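Beneath this line is the structure, given in structure tokens, with notes to follow.
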Amino acid sequence: MNTSLPAHQDLSMEDRPGELWKDIPGFRKYFQVSNFGRVKRKERQVRDTQGGTYTLPAMIRKAVVNKDLNMHARDWTYRLQIVLQYKNKKYSFQVARLVYYCFVRQFDLKDTSLVVSTLNVDGLDVRPDNLVLLTQAEKCRRPYSTGRQSSHLATNKFKLIAAIEASRQKTNIMVSQYDADGHYMSTFHSITEAARQTGIGYASIAYAARLPARKAGGYYWRKGDANKINLKQVQEIIRKRQISYKEKKGVKVMQYDAAGNLVATFHAISDAAKKAGVSHKSISNAIRHGRGRPGAGGWIWRPA
């Protein structure tokens, strides 16, 4: 046990001073939560695929820290989340929700209209006396009462109008639609309008408009209203992307003649197969089992 660590980082099996444990509802034989927000897997017997059994030791499960940036307070809002696996299924829980249920008051855990929050606004401090159960409406009002959000009613209306206009200018980007051959089809005043009229997702169109080689709904998209697009540029981008991928992920291979002279080096087996006119599989087999003897296509193949 290391009491200098925050509770959510303490993975020691030794209890912290004053720590109490209770079974997590629905997982009574398998998992427990403490009044410090630590989650423990209980020791149990497990049957393996061969029919034998072994002991799965108890251990502290590490919670994931989720965080969101608060632009008004210029800091972060934290939440502790835990994922439990039971019978090959995964279940995700907010730790504060479990602590409140087990140590403060039981409520319907499936009721998403009820939210557990912290009184001191520190989402990492999930001690029972720091937790409060709120409705969704109360949760939405709380940032204003705690000073972590400002009301739009208190904002200078001229600044608000300017901000709205700036946002509108940023999002109202003219885009044009082109067929697979690069021929112009239509122009829309905004991506929103394009999505509404074509039925293609907003995010897909926005993504395609940023990346020349991408399509959305089977069409190319560009900002502006050019009467055509350059497909050679698109093909060059695709070619470079394929080369880059092969350089990063491909199995580099060297080709030798029967005398052991280097003939060529390829970034990927697929390139070698295409150039030599032999199958990908035959080159792979030659690399693994050739032992320096001529194999696929009469060549010696070795990994680079």
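Hey, could you check the range 207-224 for residues that are hydroxyl-bearing (Ser, Thr, Tyr) and out of contact with any Leu (no Cβ under 9 Å at 6 or more places or on another chain) and say which is modelled with the lowest pLDDT?
Tyr207
In the range 1-55, which residues are touching a helix residue (DSSP H, G or I) at 6+ places or on another chain (Cβ under 8 Å), touching a residue at least 24 places away in the same chain (Cβ under 8 Å) and in a loop (DSSP other than H, G, I, E, B)?
Answer for the range 1-55, where residues must be touching a helix residue (DSSP H, G or I) at 6+ places or on another chain (Cβ under 8 Å), touching a residue at least 24 places away in the same chain (Cβ under 8 Å) and in a loop (DSSP other than H, G, I, E, B): Leu20, Ile24, Pro25, Asn35, Phe36, Gly37, Arg38.
Can you tell me which condition Tyr100 does not meet? The list is (1) exposed (fewer than 15 other Cβ atoms within 10 Å of the Cβ); (2) among the hydroxyl-bearing types (Ser, Thr, Tyr); (3) outside any strand (DSSP E or B), and all the others hold.
(1)
Condition first: touching a helix residue (DSSP H, G or I) at 6+ places or on another chain (Cβ under 9 Å) and polar (S, T, N, Q). Now tell me which residues in the range 190-210 satisfy that.
Within the range 190-210, Ser190, Thr192, Thr198, Ser204 qualify.
Within the range 204-229, work out how many residues are surrounded by 12 or more Cβ atoms within 10 Å (Cβ to Cβ) and under 12 Å from Gly182 (Cα atoms).
10
Taking interchain pairs and intrachain pairs at least six residues apart, which have beta carbon atoms under 9 angstrom, with the first residue in the range 59-77 and among the charged types (D, E, K, R) and the second assigned to a loop (DSSP other than H, G, I, E, B) and surrounded by 12 or more Cβ atoms within 10 Å (Cβ to Cβ)?
Partner pairs satisfying both residue conditions: Arg61/Leu11; Arg61/Arg38; Lys62/Leu11; Lys67/Gly123; Asp75/Arg148.
If the requirement is being among the charged types (D, E, K, R) and more than 29 Å from the chain's Cα centre (by Cα), which of these qualifies: Lys62, Lys67, Lys42? Show your work before the answer.
Details: Lys62 fails: more than 29 Å from the chain's Cα centre (by Cα); Lys67 fails: more than 29 Å from the chain's Cα centre (by Cα).
Sole residue among the options that is among the charged types (D, E, K, R) and more than 29 Å from the chain's Cα centre (by Cα): Lys42.
The values are calculated or read from the model by the stated rules, or taken from the named source; none is laboratory data. All values derive from a computational prediction rather than experimental measurement. Using ideal geometry, Cβ is built from the backbone for each residue, glycine included, and neighbour counts are taken over all protein chains shown.
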